[in-house]
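S.K.: Sending over a structure as structure tokens; questions will come in a sec.
Just so it is clear, none of the values below were taken in a lab; they were calculated from the coordinates. Because the structure is a prediction, the values reported are computed rather than measured. Counting neighbours? That spans all protein chains shown, and the Cβs are built from the backbone with ideal geometry, glycine included.
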Amino acid sequence: MDLFLQYLITGLTVGSIYALLAVGFVTIYNVTGVLNLAQGEFAMIGALSCVTLVNLGIPILGAIPLAILITAIIGFGVERLAIYPARNATPIILVVITLGVSIFLKGMGLIIWGSSPKSLPPIVESRSIQFFGAVINSQSIWIFILLFVLLILLYWFFDKTFIGSALRASEKNPHAASLMGINTSTMSTIAFTIAAALGAIAGVMIAPLTDATYEMGFFIGIKGFVAMIFGGMHSVPGAVAGGLLLGVIEAFSGGYISTYYTDALAFGFLLLVLFFRPQGLFMRATGERV
Amino acid sequence: MEKVEAILYGSRWKGFLGFIALICLLPFFISSQYIFTLFILIGIYCIVTIGLSLLIGYAGQISIGHAAFFGIGAYVSGVLTAKHDMSPWLAMGIGMIATFLIAYMIGMQVLKLKGHILALATIAINIIVYILLVGLSDITGGASGLIGIPNLSLFGLELGNQLHYYFLVWAFVFLVILFSTNIIRSNVGRVLRSIHDSEIGTETLGVNVTKYKIAIFALSAMYASLAGSLYAHYINFIAPPTFNVSFSILLLVMVMVGGVHSIWGAMIGTAAIMFLNEVIRFVGHTVFNISGEVEIVVYGLIIVVVMIFMPKGLIGVLDIRGKFAIKSAAKKNVASEKGV
């Protein structure tokens, strides 16, 4: 029972990170129809620039917002320079472009930060907490709180603000949205900027637990993508649930089956989902097959 | 009939003769062993990228998982020859058939998916195969790799020699090109192109689209397996990291940069990326003195720029010049059918 709870908490912690990335994926995919494979690199940039800022002597609570801001600006730049000029291209070309961006950002990360792993201090230094025999790292609690706050913020942003409504309108029907006076190309830029910021938050939060390297981006990004598919591509709550589910699957398969085959099992489960429920685990079937 | 084909596609013998002449003449101009190695590797990778060109450019299905099939081919050859002393040629054939069957079964499920999701599913397959290659260490040798893979020999001729292997690899490339152009110029090729343009449209004409998609997926996987076997017998050592997703991405980039709608484009892309790779690595290490895979920065940049400004790839640029040259009336209306 203790172990069960321990695996559950570990899974939910990692799952929260996947959930943040998945929300970024969903935002970009729904507004622009582009699947941004460079999403994980935003996490890498967020984490590593935060490390640099902390090393410069800026306190961690100031360094985190700055790192998120830097990453958001990079996200803005990526959309303007790489995605916008090719917005009418076929999906295959757009996938390859985001792959190119991902490789480029990874290379820049290598040149700027080198190849050795860097560690980031946790937000608040404190002891781990005992909870029914399971040990909870204090960083995990911060991650849960942050995910919760962000979800409320995102809900408020998408449902209660004008820009949020405009973003949702360009998702539902870009043509009609543009007829209503919404600049859909601006919306695409906003979506990328938000997604980059979310990626950076994910990176900053995971870095104290796993250390940050220039290579961390691609794999963590793929996991976020998997979480998004579990959730059904179109819904933010679905993406969060998918992220948590993926984290829990990984933790349990690592704990009860084999740590070595964790990723194989997670991706095997992904394939099963794609084959049997391509509309996502939590969605009712729609007419459109993915 | 011959005439119709020539009008539709143009003569292919000009391209073939140029290709053969280039391959035969190159060894006279290359003195360095290093560049020779590079040309052998380009030949091996070309076999994979030609298959990918059929899959992506003609059938319109993306794959970021062909390194897995390359790996399966290499490991079947490696394990059967190094551990069980089987004839390399037999092992190569077994590898190709096994890969074809595996890819056919995977394809039956995976090719129901489209676009981005298909890309992710193929990445997932690649990651699973990679993990199995490391994990099944009793058979594959695990993370430390598999050593002692013998050189090939043909009718008593030892093919460990660079020059001999060079000709062997490019002979295989030639056979693959011949086979692929035959497919492209047959009714199958026309069906594939029609699937590329509109799957639903093709289906309404009564064509079993799924069957063609799966067949071409399995064929391209079989090419990858052949290339993997040739790679294993050339390097004599294989280890799992070679067959990871990054190699799949590299292959995809080669095809896209060269020009996905033509198998010559796939080959140009392969050669261009390989040379670029070496040049950047050389400049990066000697001039700027940086270690590690810094070449990926330039890679990434080139991919983005090529995809934005010439989505048809390098061959697209050459093609525009070609079109000015052959502006004869017969070919004018069917220019879009060209590209073989």
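S.K.: If R₀ is 45 angstrom, what is the calculated FRET efficiency for the pair residue A:179 and residue B:279, using the beta carbon separation as r and rounding to 0.05?
M.R.: 0.35
S.K.: Would you tell me the mean number of C-beta atoms belonging to other protein chains that fall within 10 Å of each C-beta in B:303-313, as a whole number? Write down the numbers at each step before the final one.
M.R.: Numbers: counts 10, 14, 4, 3, 13, 10, 2, 0, 7, 0, 0.
For peptide B:303-313, the averaged partner shielding equals 6.
S.K.: Give me the percent relative contact order of region B:2-337, please, defined on Cα pairs under 8 angstrom at least 6 residues apart.
M.R.: Once divided by the residue count of region B:2-337, the mean separation gives 30 percent.
S.K.: Which FRET efficiency, nearest 0.05, do residue B:101 and residue B:33 yield, Cβ-Cβ r, R0 51 Å?
M.R.: Efficiency for this residue pair is about 0.85.
S.K.: Next question. Would you mind checking which residues have amide H under 5 Å from residue B:153's amide H? H placed 1.01 Å from N; only 5 or more apart, or other chain.
M.R.: Amide H neighbours of residue B:153, under 5 Å, 5+ apart: B:159.
S.K.: Could you work out [θ]222 nm for chain A from helices alone, using -39500 (n - 2.57) per DSSP H run of at least four and dividing by all its residues? Round to the nearest 500 deg cm²/dmol.
M.R.: Dividing the helical sum by the residues of chain A leaves -24000 deg cm²/dmol.
S.K.: Quick check on packing: order B:15-23, B:297-305 by the mean number of other C-beta atoms within 10 Å, highest mean leading. Write down the numbers at each step before the final one.
M.R.: Numbers: B:15-23: 13.1, B:297-305: 20.9.
Sorting B:15-23, B:297-305 by mean packing, highest first, produces B:297-305, B:15-23.
S.K.: Using the per-residue mean of other Cβ atoms lying within 10 Å as a proxy for protection, in what order, highest first, do the peptides B:273-281, B:91-99 fall?
M.R.: Going from most to least packed, we get B:91-99, B:273-281.
S.K.: Then there is this: Using the per-residue mean of other Cβ atoms lying within 10 Å as a proxy for protection, in what order, highest first, do the peptides B:136-148, A:109-121 fall?
M.R.: Per-residue mean Cβ counts within 10 Å order the peptides as A:109-121, B:136-148.
S.K.: Let me ask something additional. Would you mind checking the pairs A:172/B:114; A:106/B:83; A:118/A:223 and listing those with alpha carbons more than 27 angstrom apart?
M.R.: Listed pairs above 27 Å: A:106/B:83.
S.K.: Tell me the angle of helix B:162-185 to the major Cα principal axis of chain B, expressed in degrees between 0 and 90 and rounded to the nearest ten.
M.R.: Helix B:162-185 and the main axis of chain B meet at about 30 degrees.
S.K.: Which distance in Å, rounded to a whole number, links the C-alpha centroids of region B:111-148 and region A:91-107?
M.R.: Taking the Cα centre of region A:91-107 as reference, the centre of region B:111-148 is 21 Å away.
S.K.: Per residue of B:108-120, what is the mean number of Cβ atoms on other protein chains within 10 angstrom of that residue's Cβ?
M.R.: Neighbouring Cβ atoms belonging to other protein chains average 6 per residue here.
S.K.: List residues of region B:48-68, by number, whose backbone nitrogen lies under 18 Å from a label position 7 Å along Cα→C-beta of residue B:19.
M.R.: Answer for this model: B:48-59.
S.K.: Now a separate question. Suppose every K and R has +1 on its Cβ and every D and E has -1 on its Cβ; what is the size of the dipole of region A:2-276 about the Cα centre, in Debye to the nearest 20?
M.R.: 460
S.K.: Could you work out, residue by residue across A:111-122, how many beta carbons of other chains sit within 10 Å of that residue's beta carbon, and then give the average as an integer? Could you put the intermediate results ahead of the total?
M.R.: Values: counts 7, 0, 0, 3, 3, 0, 0, 0, 0, 0, 0, 0.
Per residue, the number of nearby Cβ atoms from other chains is 1 on average.
S.K.: So, in nm, how far is label residue A:260 from label residue A:211 when the simple model puts each one 7 Å beyond its Cα toward the Cβ?
M.R.: About 2.2 nm separates the two model spin labels.
S.K.: Is the C-alpha gyration tensor of region B:2-337 telling us rounded, prolate or oblate? Criteria: a/c under 1.5 is rounded; beyond that, a/b larger than b/c is prolate, otherwise oblate.
M.R.: rounded
S.K.: If a helix is a whole DSSP H run, which ones in chain A reach 18 Å or further along their own axis (Cα) and hold a mean Kyte-Doolittle hydropathy of at least -0.5?
M.R.: Working: long enough: A:2-32 (45 Å, 1.39); A:39-55 (25 Å, 1.09); A:60-78 (27 Å, 2.49); A:91-113 (32 Å, 2.19); A:138-160 (33 Å, 1.77); A:184-210 (38 Å, 1.54); A:216-231 (23 Å, 1.81); A:236-252 (24 Å, 1.76); A:262-276 (21 Å, 2.23).
Length and hydropathy pass: A:2-32, A:39-55, A:60-78, A:91-113, A:138-160, A:184-210, A:216-231, A:236-252, A:262-276.
S.K.: Additional query: To the nearest 10 degrees, how steep is helix B:209-235 against the longest Cα principal axis of chain B, on a 0 to 90 scale?
M.R.: Computed tilt is about 40 degrees.
S.K.: Please name whichever of B:212, B:246, B:148 sits farthest to the positive end of the charge dipole of region B:2-337, dipole taken about the Cα centre and charges placed at Cβ: Lys and Arg +1, Asp and Glu -1.
M.R.: B:212
S.K.: Continuing with the same structure: Note down the magnitude of the dipole of region B:155-252 about its Cα centre, charges +1 on Lys and Arg C-beta and -1 on Asp and Glu C-beta and zero elsewhere, to the nearest 20 debye.
M.R.: It works out to roughly 200 debye.
S.K.: Between B:34, B:130, B:212, where does the largest GNM mean-square fluctuation fall for chain B, given springs only between Cα atoms within less than 10 Å?
M.R.: Highest fluctuation among the options: B:34.
S.K.: Using a Gaussian network model of chain B with C-alpha springs under 10 Å, which one of B:29, B:243, B:179 is most mobile by mean-square fluctuation?
M.R.: Looking only at B:29, B:243, B:179, the biggest GNM fluctuation is shown by B:29.
S.K.: For the pair residue A:84 and residue B:83, how long in nm is the line joining their label points, each one 7 Å along Cα→Cβ?
M.R.: The modelled label-to-label distance comes out at 5.5 nm.
S.K.: Right, here's the next one. Just to be sure I understand: with springs between alpha-carbon atoms less than 10 Å apart, which residue in B:32, B:87, B:153 has the highest mean-square fluctuation in the Gaussian network model of chain B?
M.R.: Among B:32, B:87, B:153, the largest mean-square fluctuation in the Gaussian network model of chain B belongs to B:32.
S.K.: How far apart, in nanometres, would the label points at residue A:76 and residue A:155 be if each is projected 7 angstrom from Cα along the Cα-to-Cβ direction?
M.R.: 2.9
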